[in-house]
Amino acid sequence: MPDDQQLLDQARRVREAAHAPYSKFRVGAAVLDEQGRVHLGCNVENAAYPLGSCAEPNAIAAMVAAGGKRIARIAIVGGAGEPVACLPCGGCRQRISEFADDRTRIIVLDDDGNPVEHTVAAVLPGAFRLDP
Ligand code: THU
């Protein structure tokens, strides 16, 4: 089972594959599923700007395609140059929440490049659910 640092390292590595010629802001996401497997995603932009996709849903799609059901933990690394503190955007918070619990940990870097964790409940209080 990867620890937080190892999950961040995988996010950092897949970030290098990002297709971000427009924003130059590269993001990598590593999702640990309930079976202990890691699924990776990076952001993929498009010349028709709104069609671009974030790293997190791409990692989640890889998890779902591989049969993963739940996000046990997720690490996200992003930045235009060297990685900076990068939390998931609002839409991605909702997408993560679909497969996570309130206490699921989101691992990112702080301003000094050190790992810092947040919970789903902390970044998305009062998440929309069809069945509250
Ligand atoms: N981006 C992500 O991949 N994840 C986020 O949570 C925030 C933003 C991407 C989208 C776009 O390609 C670039 O970062 C700049 O917004």
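Key figures
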| item | result |
| --- | --- |
| Counted residues, the stretch 46-71 - those being surrounded by fewer than 19 Cβ atoms within 10 Å (Cβ to Cβ) and not in a helix (DSSP H, G or I) | 9 |
| Pairs where the first residue, in the stretch 1-18, is more than 9 Å from Val77 (Cβ to Cβ) and the second is acidic (Asp, Glu) and not in a helix (DSSP H, G or I), C-beta under 8 Å, 6+ apart | Asp4/Glu117 |
| Of residues in the stretch 60-96 being in contact with a Pro (Cβ under 7 Å, 6 or more places away or on another chain) and of a type in the set (A, V, I, L, M, F, W, C), the one farthest from Lys24 (Cα to Cα) | Ile96 |
| Subset of the stretch 1-28 [surrounded by 14 or more Cβ atoms within 10 Å (Cβ to Cβ) and assigned to a strand (DSSP E or B)] | Arg26, Val27, Gly28 |
| Which listed residue, of Ala30, Ala65, Ala48, Ala20, is at pLDDT 95 or above, under 13 Å from the mean Cα position of the chain (by Cα) and not basic (Lys, Arg) | Ala30 |
| Test: residue in the stretch 40-58 that is away from the ligand (no atom under 12 Å from the Cβ) and within 21 Å of Gln5 (Cα to Cα) | yes |
| Criterion violated by Val108 - all others in (1) part of a loop (DSSP other than H, G, I, E, B); (2) at pLDDT 95 or above; (3) within 12 Å of the ligand (Cβ to nearest atom) satisfied | (1) |
| Output for the stretch 91-105, where each listed residue is under 12 Å from the mean Cα position of the chain (by Cα) and assigned to a helix (DSSP H, G or I) | Gly91, Cys92, Arg93, Gln94, Arg95, Ile96, Ser97 |
| Residue list for the stretch 118-132, filter: closer than 23 Å to Gln5 by Cβ, in contact (Cβ under 8 Å) with a residue 24 or more places away in the chain and either in contact with a helix residue (DSSP H, G or I) (Cβ under 7 Å, 6 or more places away or on another chain) or in a helix (DSSP H, G or I) (or both) | Val120, Val123 |
| Residue within the stretch 81-95 that is closer than 20 Å to Met1 by Cα and surrounded by fewer than 21 Cβ atoms within 10 Å (Cβ to Cβ) present | no |
| Residue match in the stretch 34-41 (condition: under 21 Å from Ser97 (Cα atoms), touching a Pro at 6+ places or on another chain (Cβ under 8 Å) and free of Cβ contacts under 8 Å to residues at least 60 places away in the same chain) | yes |
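The values are calculated or read from the model by the stated rules, or taken from the named source; none is laboratory data. Worth saying up front: this structure is predicted, and the values here are computed from it rather than measured. Don't worry about glycine lacking a Cβ; one is built from the backbone with ideal geometry, like all the others, and counts go over all protein chains shown.
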